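Notes for the one structure printed next.
The values are calculated or read from the model by the stated rules, or taken from the named source; none is laboratory data. Here the structure is a predicted model, which means the values were calculated and not measured. Neighbour counts are summed over all protein chains in view; Cβ atoms, including those assigned to glycine, are modelled from backbone coordinates with ideal geometry.
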Amino acid sequence: MASPYFEANTNRYIKQCEESHTPMEIPRPNKKYENELIVLKVVKLKEKNKPKEDPDNWVVLKEFIEDIKNDEIAQEQNEKLMQVKSVMPLDHFKMETFYSSNLYDYLGNFKYMSEIDADLQRYSPDQLIYEARYTIRGVGCQHYVVGCKQQCPICLKYYFCRQCHNEEEDHTLPREKVQNLLCLYCDKQTRFGQYCEHCNEKFCSEFCKNCKFMCFIGKEAKPYFHCEKCNVCRQGDQNQFIHCDKCEKCVFHEDFDKHKCIKRGEGSCPICLGTMTDTVYVVSLMNCGHFVHNHCWQKLLQENNFTCPICKKYSITVDQQAQIAKFYEEQTKKHFCIENGQEILCQECGKNFYFYLSSHYKCVFCDSYNTVVKGGASKQVVDQHLKEYKYQPHYLTVDSLYQALQLIDKQTVLQNETIIKQQIHKQFDHDQGASLQLILAQVGLEQILQLFLK
């Protein structure tokens, strides 16, 4: 249930949001230089019993250009376009922290996520804030929404932005030295500015004369501030960041103490090898302290790769690591170690330990499953190590495996004893997996496995 204060003030609050909602500013499309823009609608439902996907049931609180369709992050963008998703309650569990239409949406989400970990199931559908997205035609490239091209002072060619230029040329565009623009509406050259000197067409809503930043994506989605030390405009609120002189870039306050310094020019994304120093993409700090393009990281996670490409430590949060450990604990019950010694490296604590051949390895020092096999080890070394750390592996020897199978279905096992023994020895000698399921599949006795796991 929402707070009594929320119930008493909802109507007044929603009315204020509706009255403050103003039409978004969009560039005039140009078919010759067209791109596709993603527009975000922040809405509230009129009636809780009607579908949240029905536009007639929406009270639009905000509407603004959020992003540009980009081939490199198309999958992530398309998934968002298909959803109408609840993102926060109108009441942030605190009477004084209503969703504010006066606070930029970008900053409002930061404020909400940093203060509240809300269970949205506690709220009625008409007491939640939702996000819906659609696309419109715009002007510019896949990096920026802009009504002009910049002239490079070196090659004198016109490009939409520095990324477009740098992808094609053998030199980088010194954006702070740009003096001339080409208007996309009248095709005339004009001096650098926010408007065309000839047709008075507006090129952008966001404009910085210092670093020559220009874009029609406004402060709702991507507020900017110019950092004098970086000499570029950074996305976010200036109060959120601390400039790191060693990295020569701005870092979030909460990430500053744990981030690993990378000198300017060395800061390539470890996944795509693209720049992170001068990029239009969101850069995230992984749990290990290394930076990465957020969309590259998401692709990595979708492939069930949870480690940092640089240090091999977990890139995910502690809670997510606990979920993985729980999964491996369950999987370990279905697999058995074989008495082939292995030397294992834990990529979390950096220590070596010894274990018998298994499907998963849990570090005896820090309990992490983020481990890799370094090589073989003698049975004597493994036994001594396990005895020292009082660790009892979950494994079956050849003999104990026969005994376990006989307890399940003695008649079937005895009838197929010869072939089962042959397959088990074959797997023990040649296969590093040691999966009971694999062994039984070789002899067509997977039904025994199902009985064993019950």
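Structure notes:
Yes or no, residue by residue, for (1) of a type outside the set (S, T, N, Q); (2) part of a loop (DSSP other than H, G, I, E, B); (3) modelled with pLDDT of 80 or more; (4) within 25 Å of LYS260 (Cα to Cα):
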{"residue": "ASP319", "(1), (2), (3), (4)": "yes, no, no, yes"}
{"residue": "GLN342", "(1), (2), (3), (4)": "no, no, yes, no"}
{"residue": "CYS349", "(1), (2), (3), (4)": "yes, yes, yes, yes"}
{"residue": "GLN384", "(1), (2), (3), (4)": "no, no, no, no"}
{"residue": "LYS387", "(1), (2), (3), (4)": "yes, no, no, no"}
{"residue": "GLN392", "(1), (2), (3), (4)": "no, yes, no, no"}
{"residue": "LEU401", "(1), (2), (3), (4)": "yes, no, no, no"}
{"residue": "GLN406", "(1), (2), (3), (4)": "no, no, no, no"}
{"residue": "ASP409", "(1), (2), (3), (4)": "yes, no, no, no"}
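- Residue match in segment 276-284 (condition: part of a loop (DSSP other than H, G, I, E, B), among the acidic types (Asp, Glu) and over 28 Å from ARG162 (Cα atoms)): no
- Among the residues of segment 32-53, just one is out of contact with any strand residue (DSSP E or B) (no Cβ under 8 Å at 6 or more places or on another chain) and outside any loop (DSSP other than H, G, I, E, B), namely LYS32.
- Taken together, MET24, MET82 contain a single residue that is surrounded by 15 or more Cβ atoms within 10 Å (Cβ to Cβ) and at pLDDT below 90, which is MET24.
- Checklist (1) surrounded by 19 or more Cβ atoms within 10 Å (Cβ to Cβ); (2) in a loop (DSSP other than H, G, I, E, B) applied to VAL251, failing item: (2)
- Test result for VAL283, outside the structural domain of PHE241 (by TED's automatic domain parsing) and modelled with pLDDT under 80: no
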